[in-house]
Amino acid sequence: MTLRIGTLKKIVSHDLYYALRSARGVLFLVFFAVFWLWIFTKFGHVDTGWLKSPDSSFILAWLFDAKTAQSLFTDRHPGFSLYYLIAINTAPFFVLFAASDQTANDIGGQYLRFLLPRCLRSEIYLGRFIGAVLLVWMAYAVVTLLAMLWVVALNDAKLTEVFFDALWMIVCLAVYAVPFVAMMSLCSALVGSAALSALLGIGFYFIVTIIVSVMGFQSDLLADVIAYILPNTMKSELLLFEFGALIKAVGVNVIYMAVYFYLGWLIFSRRDI
Amino acid sequence: MNSGFAITTRQLSKQYGAQFAVQNLDVEIKKNITTGLIGPNGAGKTTLMSLICGFIKPSDGTVNVLGQEPNAVDLKSRVSILPQDAHFLKSLSVKVQLTMLAELQGFAKQAARKEALRVLDLVDLIEAQNKLPEQMSHGMLKRCAIAQALMGEPELILLDEPTAGLDPSTTDNIKAVIKNLQNKATIIISSHNLSVIEDLCHEVVILDKGRLHAHREIDQIVVKQQALTIKLTDHPTAEQLVHLKAADWVKDIKVGKPGSCVMVVYYDPQQTDGIEISLLQVLKDMNMGYREFTKGERLQEYMTDNFK
């Protein structure tokens, strides 16, 4: 894979510039902003302190293992942890949507025919991937910082208490999101439209999730194996707020990213444009 | 590799299923001249251009462009193309998009903006620089696409149907722009507008059903000196043709398809003085009206005769 760093930087900066002006980018940002504004308005009405109380332990033990429940609701501010839980559980949908048009519209609209005399396919493919990653990272960094200020203002959290957790969450969400972006690199290399690419990615995610759920009734082992197709197997590790778990998640997600990215590259590098 | 050739193909084939778009093509296109790429619909012109630019991969054979493989990093920004069906991005003005493309071509930010304005000026779109592609007509978008192909100093310029959809005045303007580039770059023009090919090209590559039909200088395909092409108001009758052939300076007469009203008169090269006047006199004598009178044969007639 030959790359010219200068050209790659230009493609990434153009991609981000375009993302903030295109219908696809604006639509993502609007959905994302509306969703989080709606969630934040609910924070003021939720007694997050209850999550820390012994009464809640029964429900939490049913949802998480004891270690995760303690890490989320006892060791740190439960309101902020609630934000993190919502963010990590909804991340696949937002990321699949935000990263749906990497090379898809370039292929469909044949814009690549303007790019290819100037750039290598590898630069275009990697540039679009990095552009999508940065867009998603920026969106989650901003919303996490807003959530931090929100719980400080409305849920009596102390800034010193939640600041480092906020940084940790940004890193975890970044690690969690990257393989999904790579998955969409594959989807967008397959089809010629951003909408179709989003449909393919989200449809694939739903279908595999349903298959895993159904298979779970028959065989836990088989369900676990199938679940590894999707890049969300490290979610439980990322909820632990432990350095070792984070490193493990980074390692596994790098493998997910490499596999999806490479499969997409195989298609993109060979396809007729 | 012979450095006298900008493009060399060897046994080049592109297959879609059982159908060959290009088949066993051996072509050598000379550097620093303008070559026309013509042929009937489905001849493989756009496929050949796409193979040259690396948009599509050959099923068999090789393409060599300026001594490199089509997707080689050394070729970037040395080759430019006007693609046939490519669309600009929505929601960004053409000036911004051309600036972005110029940056990718190696221009610094400020220089890229200047270059974008320069090429927009060349295609008479300077006043539309801030328009979005969705606000522009087909002709304006075509001119924008031509503008991006003119950026920088490409050594090889491929123009796929550069005048399709343009009005006559803009066509003349684009032809003038291409003429200005002729000694600075190798230019390949694919077009169904054969008068554009005749006016601009030194050589033509004629494709038919994906195969090479001919590759010659235009003068070798159409006689330029010893023929006169006349477009008549009515198709000539047999009697009129007999009368014409009786003239001692007429060597031969070729008549176009019935209804085309085209007639080519070949004359004796020894008797060239006042030959046009003599022919006009004969036409007048026989009450034959005409619309066009051209020296030499036209590529149009050659193509019509060979690809009926």
Rounded to the nearest 20 debye, what is the charge dipole size of the protein assembly as shown about its Cα centre when +1 sits on each Lys and Arg Cβ and -1 on each Asp and Glu Cβ? 540
Under the definition of partner shielding as Cβ atoms of other protein chains within 10 Å of a residue Cβ, what is the mean value for peptide B:83-90? 6
What FRET efficiency comes out for the pair residue A:9/residue A:50, r = Cβ-Cβ distance, R0 = 41 Å, nearest 0.05? 0.25
Can you give the extra length, in nm with one decimal, that the chain gains between residue A:34 and residue A:149 once fully stretched, where that is 0.36 nm per residue apart less the Cα-Cα distance? 39.7 nm
With unit charges on the beta carbons (Lys and Arg positive, Asp and Glu negative) and the dipole taken about the Cα centre of chain A, which residue among A:170, A:28, A:241 sits farthest to the positive side? A:28
Dipole check, the stretch A:5-268, charges on Cβ (K,R +1; D,E -1), about Cα centroid: among A:70, A:144, A:50 the Cα furthest to the positive pole belongs to A:144
Residue A:111 long-range amide H proximity, modeled H, under 5 Å: B:87
FRET efficiency for residue B:31 and residue B:273 from the Cβ-Cβ distance with R0 = 45 Å, rounded to 0.05, comes out at 0.70
Once phi is turned into ³J(HN,Hα) by the Karplus curve 6.51 cos²θ - 1.76 cosθ + 1.60 with θ = phi - 60°, what whole-Hz value does each residue of the stretch B:193-207 show in order, with x for glycine and proline? 7, 6, 5, 5, 5, 4, 6, 10, 9, 8, 10, 10, 10, 9, 9
Just subtract the alpha-carbon distance of residue B:192 and residue B:224 from 0.36 nm times their residue separation and send over the number in nm, one decimal. 9.5 nm
Sorted by Cβ neighbour density within 10 Å, fewest at the top, the residues A:112, A:20: A:20, A:112
Could I have the simple spin-label model distance between residue A:262 and residue B:109, label points 7 Å from Cα toward Cβ, reported in nm to one decimal? 3.8
So who's got an amide H within less than 5 Å of the one on residue B:189, skipping anything under 5 residues away but keeping other chains? H placed 1.01 Å off N, in plane. B:35, B:36, B:37, B:159
Subtracting the Cα-Cα distance of residue B:121 and residue B:233 from 0.36 nm times their residue separation yields 36.2 nm
When the Kirkwood radius is taken over all Cα pairs of chain A, what Stokes-Einstein diffusion coefficient follows at 4 °C and 1.567 mPa s, in µm²/s? 65
FRET efficiency, 1/(1 + (r/R0)^6) with R0 51 Å, evaluated for residue B:176 and residue A:247 via beta carbons: 0.20
How big, in percent, is the set of alpha carbon pairs in the protein assembly as shown lying more than 47 Å apart? 34
Too long at a 30 Å Cα-Cα cut-off: which of B:45/B:131; A:10/B:45; B:30/B:76; A:10/A:248; A:67/A:158; B:76/B:114? B:45/B:131; A:10/B:45; A:10/A:248
If you average the C-alpha positions of the stretch B:203-262 and of the stretch B:2-33 separately, how far apart do those two centres end up, in angstrom? 29
Trypsin sites (Lys or Arg not before Pro) within the stretch A:91-122: which are DSSP loop residues with at most 12 other Cβ atoms inside 10 Å? none
Mind putting a number on the dipole of chain B about its Cα centre? Charges go on the C-beta only, +1 for Lys and Arg and -1 for Asp and Glu, and I need it in Debye to the nearest 20. 860
Considering just Cα atoms, how many Å³ per residue does the convex hull of the stretch B:178-308 enclose? 131
Applying the span-like rule to chain A (DSSP H, Cα extent along axis at least 27 Å, Kyte-Doolittle mean at least 1.0) gives A:23-43, A:78-98, A:121-154, A:159-190, A:194-218, A:243-270
What residues have an amide H closer than 5 Å to that of residue B:13, excluding those fewer than 5 places away on the same chain, when H is modeled at 1.01 Å from N in the peptide plane? B:24, B:25, B:59, B:60, B:61
Would you calculate the separation in nanometres between label points at residue A:167 and residue A:225, each defined as 7 Å from the Cα along the Cα-to-beta-carbon direction? 4.3
Run the quick spin-label model on residue A:63 and residue B:199: label points 7 Å from Cα toward the beta carbon, then report their separation in nm to one decimal. 7.3
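Values quoted throughout were computed directly from the atomic coordinates according to the rules given, and no laboratory measurement underlies them. Worth saying up front: this structure is predicted, and the values here are computed from it rather than measured. Counting neighbours? That spans all protein chains shown, and the Cβs are built from the backbone with ideal geometry, glycine included.
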